[in-house]
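Here the structure is laid out as structure tokens; the discussion comes afterwards.
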Amino acid sequence: MKHFSQYIDGAFDAGSARFDSVNPATGEVWASMPAASAGDVDRAVRAAHRAFVDSDWSRMTASARGRLLWKLADLVEQQAPRLAELETADTGKIIRETRAQIGYVAAYYRYYAGIADKLQGAHLPVDKPDLEVFLRREPLGVVAAIVPWNSQLFLSAVKIGPALAAGCCIVLKASEEGPAPLLEFARLVHEAGFPPGVVNILTGFGADCGQALTAHPLVARIAFTGGPETARHIVRNSAANLAVTSLELGGKSPVLVFDDVDVDSVCNAIVAGIFAASGQSCVAGSRLLVQHGVRARLLARLADRARAIRIGDPADPATEMGPLATRRQREHIETVVAASLDAGARLVTGGVTPAGAGNYYPPTILDCASASTPCVAQELFGPVLSVLGFATEDEALRLANDSEFGLAAGVFTRDLARGHRLVRGIRAGIVWVNTYRAVSPIVPFGGYGLSGLGREGGFEAVLEYTRTKSVWINTSDAPVPDPFVMR
Ligand code: NDP
């Protein structure tokens with residue numbers, strides 16, 4: 001059994017309470033984790049605040065901050081195999097995905113390392129001859145970051161990277177499901193040489209640790225990724241500190257497929273969009289909208305492809321799909337799939353939970369007659385593709401926008417003009433045309449509607465960890481005139 005520690009004020013700490021972590025592929029307890037208390041949260045936030053206000057960090061130049069981030073990226077790359085193994089053991093995400101994703105984690109830290117000394121203020125040419133006005137761009141302060149159980153290293157890199165580039169300090173709460181890679185990552189933060197308190201990593205339960213963190217009076221900025229219900233709690237909580245808040249929430253992303261496509265190529269994109277990470281991805285392309293002319297052919301091809309996916313031990317590099325992260329998650333999927341079948345959906349493939357250990361669930365395709373079928377509207381966060389047919393481009397657009405979410409969308413067509421029309425019409429933060437799931441540190445990421453507020457990734461994200469200070473300087477040697485003497 002492995003024992004992990006939390007990281008507070010530059011020291012590793014076993015915590016007063018602990019909980020067991022279960023390997024989702026075997027159902028067996030494999031590690032013990034600290035459960036941060038409200039007291040641990042308070043210690044961490046105070047340490048971050050001290051580091052922000054008066055420390056080597058608060059006096060460090062932006063270029064030196066960038067060098068530290070660059071070193072962290074080096075360490076992530078060096079330790080990638082170990083981090084990938086831990087993420088696979090603790091979340092069930094397959095090893096080929098965790099290895100690939102850690103490459104991205106390092107790339108995000110490098111990107112933000114480069115931005116640290118490119119954040120600039122401005123000179124403002126006001127219409128007052130004796131006054132010089134400039135804007136300083138300053139870091140917001142202590143950041144409370146909260147991530148969910150899928151892709152914790154990646155989802156924290158898109159918060160820690162820009163926060164540190166801006167000069168903030170951070171207290172990050174990992175999810176209690178699958179926190180091992182983040183607690184190991186804390187060792188790399190330590191080795192890179194960040195001053196104590198600049199980065200603090202806790203793991204614990206939402207109701208106590210998360211709640212205490214987001215309501216803490218010294219927190220100036222909240223960066224949250226998770227579900228809309230928790231987001232509402234957090235927004236209510238942040239009334240206590242009025243922290244600037246960004247929310248990266250769920251999705252029910254549509255993939256629109258027109259009759260003119262190459263079916264094999266589109267089939268690969270759809271499979272990657274919904275079955276990668278066993279569908280536990282905020283940008284999962286979980287609603288397939290397909291034009292009637294190609295519907296039967298595409299569904300037959302998708303069913304063959306889904307049945308051929310190699311499901312098994314996530315630590316085996318040959319495995320193509322692993323288990324779900326939690327038993328609770330699988331039960332939720334089973335309930336919604338059953339309700340969808342009762343509502344008239346046709347089971348194309350999958351839909352039957354296999355016997356045996358682990359939280360496995362097969363790649364599942366449901367052909368639906370109506371947009372009111374439960375699986376079409378709800379985010380499942382699992383390997384379930386809901387299919388609806390359409391006749392015209394207008395109908396496709398209406399169906400695509402018929403969701404309270406608006407994170408991502410895919411459009412597959414050879415008609416360039418139609419592609420552009422749909423890009424304009426779709427209400428989502430990301431639209432991929434003839435591709436799906438591409439990401440880059442340079443490109444902003446975020447949604448419309450219930451998919452959230454704010455953007456992560458790209459230059460814009462760093463600005464969201466800063467505010468401006470307007471500075472007015474009188475350059476005249478003349479005395480300030482008496483305000484009560486009229487001129
Ligand atoms: P949750 O919203 O349940 O949890 C997210 C995090 O919030 C966890 O760390 C959780 O802790 C914590 N939390 C729970 N309650 C509180 C509270 N009252 N105050 C503060 N923190 C709290 O989401 P899931 O873990 O179920 O993750 C799945 C969701 O995340 C999906 O909706 C998915 O789409 C979304 N997501 C969005 C992404 C994006 O970038 N847009 C990316 C990845 C996922 P604990 O684990 O202890 O409960």
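Miscellaneous remarks
- Residues of segment 20-60 classified as outside any strand (DSSP E or B), at pLDDT below 95 and in contact with a Phe, Trp or Tyr (Cβ under 7 Å, 6 or more places away or on another chain), total: 0
- A Cβ distance below 9 Å, combined with a sequence gap of six or more or placement on separate chains, defines the contacts here; from segment 72-86, residues that are over 13 Å from residue 98 (Cβ atoms) reach residues that are among the acidic types (Asp, Glu) in the pairs 72/191; 75/191.
- Residues that are more than 12 Å from residue 408 (Cα to Cα) and more than 15 Å from the ligand (Cβ to nearest atom), drawn from segment 244-260: 244, 257, 258, 259, 260
- Hits in segment 443-486 (condition: more than 25 Å from residue 144 (Cβ to Cβ), among the aromatic types (Phe, Trp, Tyr) and either surrounded by fewer than 10 Cβ atoms within 10 Å (Cβ to Cβ) or within 16 Å of the ligand (Cβ to nearest atom) (or both)): 484
- Scan of segment 132-147 for residues that are on the phi > 0 side of the Ramachandran plot and of a type in the set (Val, Ile, Thr), ordered by number: none
- Residue count for segment 76-110, restricted to those that are surrounded by fewer than 24 Cβ atoms within 10 Å (Cβ to Cβ) and hydroxyl-bearing (Ser, Thr, Tyr): 1
- Within segment 200-214, the residues that satisfy the criterion of being over 23 Å from residue 162 (Cβ atoms) and outside any helix (DSSP H, G or I) are 204, 205.
- Of all residues in segment 368-422, exactly one satisfies the criterion of being closer than 19 Å to residue 293 by Cβ, of a type in the set (Phe, Trp, Tyr) and either touching a Ser or Thr at 6+ places or on another chain (Cβ under 9 Å) or surrounded by 23 or more Cβ atoms within 10 Å (Cβ to Cβ) (or both), namely 412.
- Of all the numbered requirements in (1) closer than 30 Å to residue 277 by Cβ; (2) out of contact with any strand residue (DSSP E or B) (no Cβ under 9 Å at 6 or more places or on another chain); (3) buried (at least 24 other Cβ atoms within 10 Å of the Cβ), residue 116 misses one, and that requirement is (1).
- Within the set 356, 350, the sole residue that is surrounded by fewer than 17 Cβ atoms within 10 Å (Cβ to Cβ) and at positive phi turns out to be 356.
- Those residues of segment 127-176 which are more than 9 Å from the ligand (Cβ to nearest atom), assigned to a loop (DSSP other than H, G, I, E, B) and charged (D, E, K, R), in sequence order: 127, 128, 130
- Given (1) of a type in the set (S, T, N, Q); (2) over 15 Å from residue 274 (Cβ atoms); (3) out of contact with any Ser or Thr (no Cβ under 8 Å at 6 or more places or on another chain), number of the condition residue 434 does not satisfy: (3)
- Here residue 170 clears all of (1) closer than 19 Å to residue 442 by Cβ; (2) crowded, with 24+ Cβ neighbours inside 10 Å except the condition numbered (1).
- Scanning segment 216-237 for residues that are of a type in the set (A, V, I, L, M) and either near the ligand (Cβ under 6 Å from one of its atoms) or more than 20 Å from residue 139 (Cα to Cα) (or both) yields a total of 3.
The values are calculated or read from the model by the stated rules, or taken from the named source; none is laboratory data. Given the structure is predicted, the values throughout are model-derived calculations rather than measurements. Positions of Cβ are backbone-derived with ideal geometry, glycine not excepted, and every protein chain shown enters the neighbour counts.
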